[in-house]
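Report on the structure given below.
The values are calculated or read from the model by the stated rules, or taken from the named source; none is laboratory data. The structure presented is a predicted model; accordingly, all values stated were derived computationally and were not measured. In this analysis, Cβ positions are derived from the backbone assuming ideal geometry, glycine residues included, and neighbour counts consider all displayed protein chains.
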Amino acid sequence: MPTNAEIAATLTAIADLLDITGANAFKVNAYRKAARVAESEVQDLGALAQSDPAALRKVEGFGESIAAKIVELATTQRIDELERLRSEVPAGLLELLTLQGVGPKTVHLLWNKANVTDLQSLKSAIDSGALATVERMGAKTIENLRTAVAAHEVAGSQPLRFRLGQAVPIAESMLTVLRTTAGVRQAAFAGSARRGRETVGDLDLLVSCDNHEAVRQAFLELPFIERVLAHGDTRCSALLTGGMQVDLRIVDDAVFGAALLYFTGSKDHNVFLRERAIAAGMRLNEYGLHEAPKAADGPVGSLVAASNEESIYAALGLHCWPPELRELHGGDFDQPPPDLVDVSHVRSELHAHTTASDGSLSIHELASLAVSRGFHTLAITDHSKASAQANGLSVERLRRHIDAIRAAQDDFPTLRLLAGSEVDILADGRLDYDDETLALLDLVVASPHAALRQEPAAATKRLLRAIEHPLVHIIGHPTGRILLGREGLSPDMHELSAAAAEHGTALEVNCHWSRLDLRDTHVKIAVGAGALVAIDCDIHGAEDAGNLRYGVATARRGGLMRTSCVNAWDPQALHSWLRNKRGVRPSLMAR
Ligand code: DGT
Ligand code: CA
Ligand code: CA
Ligand code: ZN
């Protein structure tokens, strides 16, 4: 059955191919919008297509014809129209879409007016001058194509998206340099990175200043820049070593807020805001919110707001919601934003490894790190015996480790040290230690580490068993996925979340940027079911503490409130949950 991501990718493929063939723009846009809906939808669309096609048609943004396509895909694993389009359009044209700044409309033109069918024929058409004779192909467009082809040759084999935790540090180190440049007033990163998406297509930097030339110079001299793709008075683009693209916009300080709002996006959110502005007799773009023009094609009226985001939302009668929720169906901006969990709320680390298994810090070093983070509680959770590759602890070693943790407590008067374990959830859902051993521990994180290619039904059963286990507090990285690397398990998140809510078991958002597991859409389901969520750094070394922001961003994108995050609780609430969870269900304890 296709996943929502596969459905989204299929709809996008149809849209791209339709665009290349020069199809009606309304039809193409309907597919693109539907792809974005599929991507952010929390219901399993493939399952819905099979069980209740009528409900599928009711999903906002689908409509009759696209719902039918999804049903066709879910039941026959193919879509006739897609196959027809693929037979019509030369395969090499699709690769052209991966060129920076080249969209389906350009590809349509190249194919129809210059007989370009792939990268090679595009290169020849540029070099031979044949393109220059094509109508609507200006010198500038051709120059952009030439740069894009060159960039593709540098970065072609690179993934098209980059992980949040790799992109953000680069953005920040660039901003640090730009902020020291003469005349710079404000500098920030925007785009998907500011919205906390787990991967970003490119980085968007924004700087306001009195001296554009100095900023441009400073940007072009930044380290990691492999190739400059474009540089003008207000925008520069460059490709970094590693293949990621950075777009810099230089604006006047008075319109920084409007530019930040625009370049933070998402595109859907911008469309929403623009429509609200029009409905209110105003116009919104990256230069500010203005009164509407007096005459139909006259200049816009006077400036209403531009210096900061809050003033623009306020002038539109909306609340300023955090970037993480500025997505399609992100929320109701007429209402105040929810009290989302924040990095500053997190006061405990409940998943951390020492040198006893595969961590690089001792118990004392881990505890000192937790104290320096201002935390009131640290759970030491080394691996269990089945994780032999991670030097998991035998029962015997675990007993001695518990003693060592209890002994260390005396040295840390402000920190509660918990003796815990990250115990493997075996393929059938049994845990890697017996109940007698688990009962010795203050806290149990149960995680899947092996058998990560299970069928969804088996994965659901396996994880449910761990969630229902009376001695388990937290399910660690529930799917085991590795971003851009390993699919992991695809359990039924609705079922897991309902069970987690019922049993008071927390589901973890693992903060490591290669995991971010739960992912944002899963958090949304967990929140909807009323489940508790833990946000943990799964510390293996001191540097992992810095990943907290990525886990928190993921949780915020899923709408996680401060009150539902166990790491944000005060010591009393946290410790009584840990104790009571084991006490509340004597019937389960008896099993
Ligand atoms: P990415 O880079 O693919 O991870 O996603 P974004 O959201 O960073 O997208 P990007 O880099 O293409 O553009 C940055 C923001 O600029 C985007 O979130 C919204 C705004 N923006 C760019 N192009 C358009 C557009 O054609 N229409 C609208 N409404 N907004 C746009
Ligand atoms: Ca971007
Ligand atoms: Ca961009
Ligand atoms: Zn771990």
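In the set L417, L438, only one residue is aliphatic (A, V, I, L, M), crowded, with 19+ Cβ neighbours inside 10 Å, more than 19 Å from S348 (Cα to Cα) and in the same structural domain as Q572 (by TED's automatic domain parsing); that residue is L438.
For segment 476-500, enumerate the residues that are among the aliphatic types (A, V, I, L, M) and modelled with pLDDT under 95. Listed by number, the residues that qualify are I482, L483, L484. Is one or more of the residues making up segment 154-166 of a type in the set (A, V, I, L, M) and closer than 30 Å to G129 by Cβ? There is at least one residue in segment 154-166 that is of a type in the set (A, V, I, L, M) and closer than 30 Å to G129 by Cβ. Looking across R486, R562, R557, one residue alone is closer than 20 Å to A193 by Cβ, assigned by TED's automatic domain parsing to the domain that holds L366 and out of contact with any strand residue (DSSP E or B) (no Cβ under 6 Å at 6 or more places or on another chain). It is R557. When T147, T98 are checked against the criterion of being in contact (Cβ under 8 Å) with a residue 60 or more places away in the chain, β-branched (V, I, T) and either buried (at least 21 other Cβ atoms within 10 Å of the Cβ) or not in a loop (DSSP other than H, G, I, E, B) (or both), a single residue qualifies: T147. When residues in segment 434-489 are screened for being basic (K, R) and in a strand (DSSP E or B), 1 of them pass. Number of residues in segment 28-54 that are assigned to a loop (DSSP other than H, G, I, E, B) and closer than 19 Å to R197 by Cα equals 2.
Against the test of being in contact with a Ser or Thr (Cβ under 7 Å, 6 or more places away or on another chain) and crowded, with 19+ Cβ neighbours inside 10 Å, the options E226, E198 yield a single qualifying residue, E198. Within the option set G265, G243, G281, being at positive phi and either at pLDDT below 90 or within 16 Å of ligand 4 (Cβ to nearest atom) (or both) holds for one residue only, G243.
In the set V59, V71, only one residue is without any contact (Cβ under 8 Å) to a residue 40 or more places away in the chain and touching a Pro at 6+ places or on another chain (Cβ under 8 Å); that residue is V71. Looking at segment 395-415, can you tell me whether even one residue there is closer than 21 Å to G476 by Cα, free of Cβ contacts under 8 Å to residues at least 40 places away in the same chain and not in a helix (DSSP H, G or I)? No, because not a single residue in segment 395-415 is closer than 21 Å to G476 by Cα, free of Cβ contacts under 8 Å to residues at least 40 places away in the same chain and not in a helix (DSSP H, G or I).
Being at pLDDT 95 or above, of a type outside the set (A, V, I, L, M, F, W, C), closer than 21 Å to V168 by Cβ and surrounded by fewer than 18 Cβ atoms within 10 Å (Cβ to Cβ): is that true of G546 here? Considered against the rule, which asks whether it is at pLDDT 95 or above, of a type outside the set (A, V, I, L, M, F, W, C), closer than 21 Å to V168 by Cβ and surrounded by fewer than 18 Cβ atoms within 10 Å (Cβ to Cβ), G546 comes out as yes.
Listed by position, the strands (runs of 3 or more DSSP E) enclosed by segment 180-234 that each have at least 3 residues that are more than 19 Å from R557 (Cα to Cα) and away from ligand 1 (no atom under 16 Å from the Cβ) are 184-189, 225-231. In this structure, D432 does satisfy being assigned by TED's automatic domain parsing to the domain that holds L548, surrounded by fewer than 24 Cβ atoms within 10 Å (Cβ to Cβ), in contact (Cβ under 8 Å) with a residue 40 or more places away in the chain and in contact with a Leu (Cβ under 9 Å, 6 or more places away or on another chain).
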